[in-house]
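Presented below is the structure to which this report refers.
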Amino acid sequence: MSSGIMNKRMADDVFHAIRKDVLTHWPTGADVNFDEAVAYQKNIKSEKRFSDKLLYAKENNITLTQPRGGVAVVDEHIKLLQYLEDEGEADLLPTTIDSYTRHNRYKEAQLGIEESLQSKRSMLNGFPAVNYGVAICRRVTSETRTPVQVRHGTPDARLLAEISVAGGFTSFEGGGISYNIPYSKNSTLEKTITDWQYVDRLFGLYEEAGVRINREPFGPLTGTLVPPCISNVVAIIESILAAAQGCKDITVGYGQCGNLIQDAAAIKALGNATNIYLKKYGYSDCTVTTVLHQWMGGFPEDESKAFGVISTGAVAATLSGATKVIVKSPHEAMGIPTMQANAAGLKTTRQVVSMLRGQSFMSASMVIHEYDVIMEEIECIMNAVDELGGGDIALGAVRAFEAGVIDVPFAPSKFNAGKLLPARDLDGAVRLLSLGSVPFRHSLKDFHRDKMEERAKSENRDVSFNMVVDDIYAIGNGYLITPR
C-alpha cells in the first residue's frame, strides 16, 4: 500500500477535485471562498501575523511565550484569549480545538455547543471551529491584539484548515505523522500524510497568493521519554513534506525532556538539521523557527512545585535560543486549567525568560558533545529513510515506520513498531535501553548501552524495564530520576 504515496506537489486539478468534497463535510464549508479569504488575510496587520512576529523574535534572539487554551462558548473563548494577552502577557495566542472536531465528529460537537449554551459553561474541551465557521472564527481572531494559532490533534484536518485560514488564523499546527502516531490507533500513515499534503497545498496556495501562513509540526509526540533524535526526525520529515506543497514558514518543535544540556542541544540540532535537510531536498527558501514545549509528562499536584517544573522549561527554552515556548499551567495535574492558572504559568515563564535573555550556554563543551550525538543519530535515521524511499521522503517515512526505523515510544498507533524503549541515564538525559530497529552505528549503540549500564551500576541494579517505569512517574514525585 505504501508504494502509492509520493512527496510530490499536489496537482491543481487533483487538489480542487478533493476540495469540492472536503467543503461538503459540514455546512460551514460552503462559506469558504478562497479569493475572498486571501483578501481578508492580506488586511491582517503585521503585528497580528504569526510569521512576522516569529521572524522578529528569531532575528532579535527573543523567546516568545504561548499558552494552550480553548472553550466552546464564543464569548468565553474571546474572554479567555483577551485575559491571556492582558493578564498573562502572552506573546502568541492559541485556539485549542475540541476532541469531537479533532475526530471529524461534527454532529457531536454541535450537541456540545448547544449544551454549552444551555448550561452557560463549556461542555467541550476546546473550540469547535468547524461548526462555528468562518464568520465566528473571524470574530475570535479580530478581537485580540496578538497573533492566534490553531492547535488541535487532528489526523484529517482538511476542513478545519480551510475554515481556520479563511477565519483569520495565521498559524496552523500538526502534520500527517505527528497528528497520527501519538493520537490514533487505526489511521494509516498513507492516509494521514496524503490528507496533510492537501492541508499544506492549501497553505501553499495562500503563499503563492501573497499570504504567509506559519506551519508547525507537533514536536513532543507522546510527550513521554521521547528521544530527541526521534522527535527531531519526525519534525524534519514533516517540514520537508510541507515545503514540497509550497509552505515557506515552518516552526519545528521539541518536548522538554528535563536534562538541561540535552534539551539545549536538541533544540539547536532541531533547527540546524531542519535547515540542512530542507536544502538537501531542494527547499532552500524556507524560514525555520523553533519551539520548546514545557514538560509534557506528569506534573506535581502541589502548585508551588508545579511552578518549579514550569520554570525549568522556561530556562531550557531561553538558554537554548528557542524562538517560542509553549507554556504549562500549575493546574496541569488537575485537568483543564482556569484562565487565572494559565496566566500564572505565562507570567512565571515570562519572568524567567526576561531574566535570562541574552544568556546562552550553547558553547559549553557538554552541550556541544550532546549536539554532536543527536546530529549523528538524526543522520543515521534520515539516511535509512531516504534509502527506504528511494529518495522520496513520504514513501521513506511510511516504510521507516513499517520497518521500525522510526519508532515513537508509548504511541497507540498499530502502525508504530513499539520496540524502542527509552530510559534516563545517570544525569537524567533520555537514552535508549532498547533500540528496536533504529539503525544506529555501533559507536552510538555502545554509547547508549554504556550510559544505561553506568546508571545501573550507580543504583546497584540491573538494566531493566523498571527503570522506565520509575522515570515515567519521577517528575510527579518531585524528581527527574527517582532516588534509590
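The values are calculated or read from the model by the stated rules, or taken from the named source; none is laboratory data. This one's a predicted model, so the numbers in the text were calculated from it and none came from an experiment. A quick note on method: Cβ atoms are made from the backbone with ideal geometry, for glycine too, and the neighbour counts reach across all protein chains shown. We work out accessible area using only protein heavy atoms, side chains counted, and drop any ligands, DNA or RNA first. Shrake-Rupley method; radii C 1.70, N 1.55, O 1.52, S 1.80 Å.
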Theoretical gain in end-to-end length, residue 61 to residue 366 [0.36 nm per residue, Cα-Cα removed]: 107.6 nm
Spin-label model distance (nm) - residue 359 vs residue 379, 7 Å beyond Cα toward Cβ: 3.3 nm
Value of relative contact order over the stretch 249-297, rounded to a whole percent, pairs C-alpha under 8 Å and six or more apart: 60 percent
Rounded to the nearest 20 debye, dipole of the chain from Cβ charges on Lys, Arg, Asp, Glu: 220 debye
Solvent exposure ordering (accessible area, 1.4 Å, most first) of 52, 263, 12: 12, 52, 263
Residues whose placed amide H lies under 5 Å from that of residue 289, excluding near-sequence neighbours: 250, 251, 252
Length-normalised contact order for the stretch 356-484 - Cα pairs under 8 Å, 6+ apart - percent: 16 percent
Approximate spin-label separation residue 20-residue 185, in nm, with each point projected 7 Å along Cα-to-Cβ: 3.7 nm
Residue 75/residue 118 FRET efficiency (R0 22 Å; Cβ-Cβ; nearest 0.05): 0.90
Mean separation of Cα contacts under 8 Å, 6 or more apart, over the residue count of the stretch 96-158: relative contact order %: 47 percent
Set of lysines with alpha-carbon distance to residue 8 below 20 Å, sequence-local pairs under 8 removed: 191, 248, 279, 280
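In the chain, what % of DSSP beta bridges are antiparallel (nearest 5)?
Antiparallel: roughly 15 percent of the beta bridges in the chain.
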For the stretch 332-340, Karplus couplings with θ = phi - 60° (6.51, -1.76, 1.60), whole Hz, Gly/Pro x: 4, 6, 10, x, 5, x, 6, 5, 5
Dipole of the chain, positive end: most advanced residue of 135, 103, 93 [Cβ charges, Cα centre]: 135
Gyration tensor verdict on the stretch 237-354 (Cα atoms; rounded if a/c is under 1.5, prolate if a/b is larger than b/c, oblate otherwise): prolate
Long pairs among 185/328; 79/328; 20/107; 185/457; 120/414, criterion Cα-Cα beyond 30 Å: 185/457; 120/414
Of 161, 456, 40, farthest towards positive along the dipole that unit charges on Lys, Arg, Asp, Glu beta carbons give the chain: 40
The chain: calculated mean residue ellipticity at 222 nm from DSSP helix runs of at least 4, using -39500 (n - 2.57): -16000 deg cm²/dmol
Highest to lowest packing among 307-313, 30-36, scored as the average C-beta count within 10 Å: 307-313, 30-36
Sequence ranges 465-471, 243-249, 369-375, 93-99, ranked by mean other-Cβ count within 10 angstrom, highest first: 93-99, 243-249, 369-375, 465-471
Peptide ranges 202-214, 451-463 listed from the most packed, as the mean C-beta count within 10 angstrom indicates: 202-214, 451-463
Potential extension, residue 454-residue 466 segment - 0.36 nm per residue separation minus Cα distance: 2.8 nm
Cut-off 10 Å between beta-carbons: net charge of the residues surrounding residue 90, Lys and Arg +1, Asp and Glu -1: -3
Estimated FRET transfer efficiency when R0 is 56 angstrom, pair residue 441-residue 333 (beta carbons, to 0.05): 0.90
Shape category assigned to the stretch 3-45 from the gyration tensor of Cα positions, a/c cut at 1.5: oblate
In the stretch 116-151, the trypsin sites (Lys or Arg not before Pro) that fall in loop regions by DSSP, at most 10 other Cβ within 10 Å: 120
Gyration tensor (alpha-carbon) shape descriptor, the stretch 351-478, a/c threshold 1.5: oblate
Separation of alpha-carbon centers, the stretch 81-121 and the stretch 184-255, rounded to whole Å: 23 Å
